[in-house]
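Peer 1: Sharing a structure below in structure tokens format, with a few things to ask.
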């Protein structure tokens with residue numbers, strides 16, 4: 001346990017330094033804010049364009065739905081991309097992965113620490129993003145203040161979501177460990193698929209029936225729905241009578257817990273298998289030069 005604790009602490013510190021020490025603190029805060037804010041503003045423009053094209057028939061509830069969903073989804077991309085890109089950067093850019101592997105540090109814990117450093121940056125950006133959205137857009141402000149935030153459920157979803165995102169990141173990092181540097185695009189592709197299928201922009205009820213079934217097999221679907229309900233009190237998923245419209249907080253949390261547990265056990269096994277495979281094939285010290 002002492003080895004894991006030290007590995008996690010120093011890996012998190014290293015990840016934060018790599019993320020933040022490239023510029024002045026004030027410029028870094030601007031970067032942390034602008035990156036998620038521009039993505040959210042794109043969705044806001046899409047919402048107003050759709051509302052104008054339909055003469056106002058798009059319900060106002062869709063704007064806070066998309067805005068909150070996108071702010072939460074930043075964590076998914078940050079952890080998944082951060083953990084998989086840590087393999088690429090340490091192996092091929094800094095060429096230090098082989099030294100970390102033979103050191104007393106635990107490789108799996110090391111990547112978890114690196115990912116959570118990126119998650120902290122994304123969480124900070126998401127909070128600032130929600131704050132600006134509440135100030136700038138009356139629909140978002142009204143949705144966030146209409147119902148009190150359910151802090152108990154919010155903490156539960158954040159804790160379960162952390163385990164979920166780390167598990168997804170470990171699976172991607174394990175896969176990239178046995179790939180060349182082109183594997184960095186894998187996390188971006190997976191993030192795009194989850195962005196569509198997990199109800200970030202479109203409620204599940206708006207998807208074709210076969211895609212709704214696929215969405216219900218993905219743990220991030222339950223995490224995002226729980227986060228929206230904890231922050232907003234309801235969502236268009238209920239209004240459109242989607243597959244999760246009748247679910248309570250307890251049912252959503254139970255589905256998230258069970259699916260995250262299965263995914264977490266698979267992630268640990270898969271990473272250990274991929275680590276041994278990468279060592280046997282010389283992937284840990286390999287640089288592609290491509």
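The values are calculated or read from the model by the stated rules, or taken from the named source; none is laboratory data. What you see is a predicted model, and the numbers here were worked out from it, not measured in a lab. All Cβ positions, glycine included, derive from the backbone under ideal geometry; neighbour counts span all protein chains shown.
Peer 1: So, residue 156, is that one within 17 Å of residue 31 (Cα to Cα) and part of a helix (DSSP H, G or I) or not? Steps first, please.
Peer 2: Details: within 17 Å of residue 31 (Cα to Cα): no; part of a helix (DSSP H, G or I): yes.
In short, no.
Peer 1: Of all residues in the stretch 1-28 being in contact with a helix residue (DSSP H, G or I) (Cβ under 8 Å, 6 or more places away or on another chain) and under 30 Å from residue 65 (Cα atoms), which is surrounded by the most Cβ atoms within 10 Å (Cβ to Cβ)?
Peer 2: Of everything passing the filter in the stretch 1-28, 19 is surrounded by the most Cβ atoms within 10 Å (Cβ to Cβ).
Peer 1: Right, next: So for the stretch 233-243 (the condition being under 29 Å from residue 110 (Cβ atoms), touching a residue at least 24 places away in the same chain (Cβ under 8 Å), outside any loop (DSSP other than H, G, I, E, B) and out of contact with any helix residue (DSSP H, G or I) (no Cβ under 6 Å at 6 or more places or on another chain)), does at least one residue qualify?
Peer 2: Among the residues of the stretch 233-243, not one is under 29 Å from residue 110 (Cβ atoms), touching a residue at least 24 places away in the same chain (Cβ under 8 Å), outside any loop (DSSP other than H, G, I, E, B) and out of contact with any helix residue (DSSP H, G or I) (no Cβ under 6 Å at 6 or more places or on another chain), which makes the answer no.
Peer 1: Answer yes if at least one residue in the stretch 79-90 is farther than 27 Å from residue 185 by Cβ and either in a helix (DSSP H, G or I) or touching a strand residue (DSSP E or B) at 6+ places or on another chain (Cβ under 8 Å) (or both), and no otherwise.
Peer 2: No: the stretch 79-90 contains no residue that is farther than 27 Å from residue 185 by Cβ and either in a helix (DSSP H, G or I) or touching a strand residue (DSSP E or B) at 6+ places or on another chain (Cβ under 8 Å) (or both).
Peer 1: Report yes if some residue within the stretch 40-56 is over 30 Å from residue 177 (Cα atoms), crowded, with 22+ Cβ neighbours inside 10 Å and touching a residue at least 40 places away in the same chain (Cβ under 8 Å); otherwise report no.
Peer 2: Yes, the stretch 40-56 contains a residue that is over 30 Å from residue 177 (Cα atoms), crowded, with 22+ Cβ neighbours inside 10 Å and touching a residue at least 40 places away in the same chain (Cβ under 8 Å).
Peer 1: Still on this structure, please answer the following. From the list 265, 227, which residue is in contact (Cβ under 8 Å) with a residue 40 or more places away in the chain, closer than 23 Å to residue 160 by Cα and either in a helix (DSSP H, G or I) or touching a helix residue (DSSP H, G or I) at 6+ places or on another chain (Cβ under 7 Å) (or both)? Show your work before the answer.
Peer 2: Details: 265 fails: in contact (Cβ under 8 Å) with a residue 40 or more places away in the chain.
It is 227.
Peer 1: Scan the stretch 92-105 for residues that are touching a residue at least 60 places away in the same chain (Cβ under 8 Å), under 15 Å from residue 14 (Cα atoms) and either assigned to a helix (DSSP H, G or I) or in contact with a strand residue (DSSP E or B) (Cβ under 7 Å, 6 or more places away or on another chain) (or both) and report the count.
Peer 2: Going through the stretch 92-105 one residue at a time, the tally reaches 1.
Peer 1: Report yes if residue 275 is in contact with a helix residue (DSSP H, G or I) (Cβ under 8 Å, 6 or more places away or on another chain) and closer than 26 Å to residue 178 by Cα, otherwise no.
Peer 2: yes
Peer 1: Also, I was wondering about something else. Yes or no: the stretch 186-194 includes at least one residue that is within 16 Å of residue 66 (Cα to Cα) and at pLDDT 90 or above.
Peer 2: Yes, some residue in the stretch 186-194 is within 16 Å of residue 66 (Cα to Cα) and at pLDDT 90 or above.
Peer 1: Something else about it: Does residue 213 count as surrounded by fewer than 19 Cβ atoms within 10 Å (Cβ to Cβ) and closer than 16 Å to residue 75 by Cα?
Peer 2: Judged against the criteria, residue 213 is not a match.
Peer 1: Looking at (1) crowded, with 18+ Cβ neighbours inside 10 Å; (2) more than 21 Å from the chain's Cα centre (by Cα); (3) within 16 Å of residue 66 (Cβ to Cβ), can you tell me which one residue 142 breaks?
Peer 2: (1)
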